Amino acid sequence: MFNPNPRNNYPYGNNPYNNRSQGDSPFGSRYQYQTLPYGYQGAGVSPSGLISKVMGLLAFSFVFATLGTVVGLSIGLSYGTYWIVAIAGLVVLIALNMLIQKPGLNLFLLYLFTFLEGLALGPLVGAYLSAGLGNILGQAFVITALTSLGLGLYSWTTKRDFSHLGDYLFFGVILLLVTGLIGIFFHSTLFALVISFFGVAIFSGYVLFYVQRAKYMADTLPNAIGLTVSIFITVLNLFLYILQILSIMSGNRRR
């Protein structure tokens, strides 16, 4: 599920998301967003149009991801095939980054990517269902949805500036990857639990970061698609870490 992404830079003036090293997550869109020129924010230009586009695209993205998961379950996607699907998703994400300005094609690639991500979840979901742990999946889904919604609303309405979180979150993700690799060789339930809580903190921070970013972006479809990809992958990883925590706490570690 992890997809590389270099930091984005911003071409315009002096808003908090411009011309600074933001340390974007390596899980999201490479697209260099078009920002509102300095002074436009709060001067009759509302960012609500962009966030509305993002919410609509996210809704359809999760529909396609759910459809992909259902297909993965119905065809009995194996863990070996998972890697083929994961690589295909990465290729589609790279293509989307390159073709994000192409109307029609950008939407097709967005929904294809989210479908493949859902397809890749098939083996994991199947493992939980076959073990009679569907209740943990449901709990993780509800907690993720409520957490994401709450953080998103707070980020959108608060006057606090979260742009400074970018670099900290970026290095947090790097640390998360390193500790995750260590966890492969160092089998400890407590260590895995700590990593999972750390992962929830990191991706919760990215929800705040990305949602607030929409306030400073121009209302364009490429901007909306770029933010949608970033938020989709952020929420997906948030779900996986919450699922891990619930699994460990219930004595069933399956991630």
Residues with amide H under 5 Å of MET217's amide H, sequence separation 5 or more or different chain, H placed in the peptide plane at 1.01 Å from N; which? LEU36
Taking neighbour Cβ counts within 10 Å as the exposure measure, how do LEU129, LEU165 sort from fewest upward? LEU129, LEU165
Less than 29 Å apart at the alpha-carbon level, and either on another chain or at least 8 residues along: which lysines does that give for LYS159? LYS53, LYS215
Residues LYS102, LYS159 arranged by fewest to most Cβ contacts within 10 Å: LYS159, LYS102
Sorted by chain and then number, the residues having a modelled amide H within less than 5 Å of the amide H of LYS102, at least 5 places away or on another chain, are none
If we sort 185-193, 224-232, 63-71 on the protection proxy, mean other Cβ atoms within 10 Å, highest first, what's the order? 224-232, 63-71, 185-193
If packing is taken as the average count of other Cβ atoms within 10 Å, what order do 194-206, 145-157, 111-123 fall into, highest mean first? 111-123, 194-206, 145-157
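Just so you know, all these numbers are worked out from the coordinates, no wet-lab data involved. Being a predicted model, the structure only gives us computed values, none of them experimental. Positions of Cβ are backbone-derived with ideal geometry, glycine not excepted, and every protein chain shown enters the neighbour counts.
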